[in-house]
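Read through the structure below, which is laid out as structure tokens, and then see the notes.
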Amino acid sequence: MGLDTKSPVSPVPLSTLHERSSYDVADFAVPTGREEEWRFTPLSRLKGLHDAAPAAANVVVQVDAGPGVTVETAGREDERVGGAYVPADRVSARAYASFEKATVVTVAREAVVTEPITITVTGSGQGAAYGHTVVRMEPMAEAVVVLDHRGSAVYADNVEFVVGEGARLRVVSLQDWADDAVHVSHHHALLGKDAVFRSFVVTLGGDLVRLSPSVSYTGPGGDADLTGLYFVDAGQHLEHRILVDHSQPDCKSNVVYKGALQGQDAHAVWIGDVIIRVEAEGTDTYELNRNLLLTDGARADSVPNLEILTGEVAGAGHASASGRLDDEHIFYLQARGIPFDDARRLVIHGFFAQLLEKIEIPELRERVLAKVEAELEK
């Protein structure tokens with residue numbers, strides 16, 4: 001299920017783009033912006049998270065969970081903390097070294113939790129804060145977890161999803177921060193044999209958000225689906241960096257992220273890395289990123305990468321595109337008496353519609369839709 005020991009440095013490079021992982025901050029130099037993994041991130045806006053920002057207790061984590069779920073706090077010495085994920089950059093390592101207590105949520109073996117487990121992270125100040133969350137799905141368990149980020153904060157954290165054999169976990173992570181918030185986070189899912197993991201990331205708020213979802217497998221038959229939706233306003237920097245590491249045979253992964261951008265200096269970054277190792281025969285993987293540029297002055301950087309080390313794959317591909325609203329679609333709707341603003345809204349709704357259907361919690365789906373509507377009103 002997890003690592004038996006916490007080795008300080010990963011002995012095997014993850015890939016040519018992910019060469020180091022360590023719990024020790026000293027193993028990572030302070031980034032300058034010239035490094036491949038940091039070249040898109042405006043370091044001056046991280047407010048010291050990458051350097052030496054001192055910790056300040058201004059973020060509160062609350063968990064709402066029902067029967068079959070155990071919620072605990074744990075220290076860094078607890079074997080469940082850091083057992084599935086080793087920090088892969090300096091900010092992640094600082095978060096691991098600086099959090100006070102980790103939140104550990106465990107779903108019991110074969111438990112089917114019908115109500116969502118909601119983890120609410122609320123910021124209330126400008127000082128830097130650090131956190132760590134572990135969600136453990138014991139074998140054959142099923143649950144839905146909602147990560148709800150809100151308020152104002154400068155926050156770095158790591159989230160581990162440990163999905164046991166035959167377990168099913170659905171996660172919705174909502175970044176609904178205030179306009180001045182900074183959030184740098186790593187989400188790592190470790191999938192056991194025949195485990196199913198579904199992730200839906202919604203990033204709307206914050207001044208700068210850099211979210212790095214990753215997946216790895218410990219047995220055959222693992223199935224991961226990573227979906228993302230983001231809407232970038234003037235001056236915002238929203239960055240998503242995905243890594244799927246296929247090291248077991250007959251596993252699947254599917255990545256679909258879509259974003260809309262409007263306003264001067266609205267900036268979206270999407271990096272999609274998929275590794276298929278020699279031993280990962282029978283892998284079936286695909287990744288897709290689409291960006292809709294609604295105004296001049298917006299910029300989208302989209303970089304899909306495949307590293308395939310075996311010829312015995314079921315399927316592997318990627319696609320990426322950024323473009324403006326289709327004039328023909330707008331004209332078609334206007335020709336039928338629909339005003340321009342309404343036509344524009346309909347096209348954008350259509351762009352996001354297939355993704356929104358994946359949010360199975362009606363109240364949350366309506367909340368996200370309302371947020372998108374509010375963005376369009378701007």
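The values are calculated or read from the model by the stated rules, or taken from the named source; none is laboratory data. The structure displayed is predicted, hence computed values, not measured ones. We place every Cβ from the backbone using ideal geometry, glycine too, and count neighbours over all the protein chains shown.
Do you know which residues across region 49-74 are surrounded by 14 or more Cβ atoms within 10 Å (Cβ to Cβ), small (Gly, Ala, Ser) and closer than 18 Å to ALA153 by Cβ? The answer is ALA53, ALA55, ALA56.
Rundown of residues vs (1) in a strand (DSSP E or B); (2) at pLDDT below 95; (3) assigned by TED's automatic domain parsing to the domain that holds LEU190, yes/no style:
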{"residue": "ASP51", "(1), (2), (3)": "no, yes, yes"}
{"residue": "VAL61", "(1), (2), (3)": "yes, no, yes"}
{"residue": "VAL91", "(1), (2), (3)": "no, no, yes"}
{"residue": "ILE119", "(1), (2), (3)": "yes, no, yes"}
{"residue": "THR122", "(1), (2), (3)": "yes, no, yes"}
{"residue": "GLY127", "(1), (2), (3)": "yes, yes, yes"}
{"residue": "HIS132", "(1), (2), (3)": "yes, no, yes"}
{"residue": "VAL144", "(1), (2), (3)": "yes, no, yes"}
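Which of (1) in the same structural domain as LEU208 (by TED's automatic domain parsing); (2) β-branched (Val, Ile, Thr); (3) at pLDDT below 95 does ILE330 not meet, given it meets every other one? Looking at each condition in turn, ILE330 falls short on (1). Using the structure shown, decide if ALA84 is modelled with pLDDT of 90 or more and closer than 30 Å to VAL278 by Cα. Against the criterion (modelled with pLDDT of 90 or more and closer than 30 Å to VAL278 by Cα), ALA84 qualifies. In the condition set (1) small (Gly, Ala, Ser); (2) at pLDDT 95 or above; (3) assigned to a strand (DSSP E or B), ALA153 is compliant with all but (2). The set of residues from region 103-117 being in a strand (DSSP E or B) and under 19 Å from the mean Cα position of the chain (by Cα) comprises THR103, VAL104, VAL105, ILE117. The set of residues in region 32-86 being free of Cβ contacts under 8 Å to residues at least 40 places away in the same chain, closer than 16 Å to TYR96 by Cβ and touching a helix residue (DSSP H, G or I) at 6+ places or on another chain (Cβ under 7 Å) is empty. Of the residues ALA335, ALA343, the single one that is touching a residue at least 12 places away in the same chain (Cβ under 8 Å) and over 25 Å from ASN254 (Cα atoms) is ALA343. Taking the listed residues ALA129, ALA102, the one that is in contact with a helix residue (DSSP H, G or I) (Cβ under 9 Å, 6 or more places away or on another chain), buried (at least 23 other Cβ atoms within 10 Å of the Cβ) and aliphatic (A, V, I, L, M) is ALA129, with no other qualifying.
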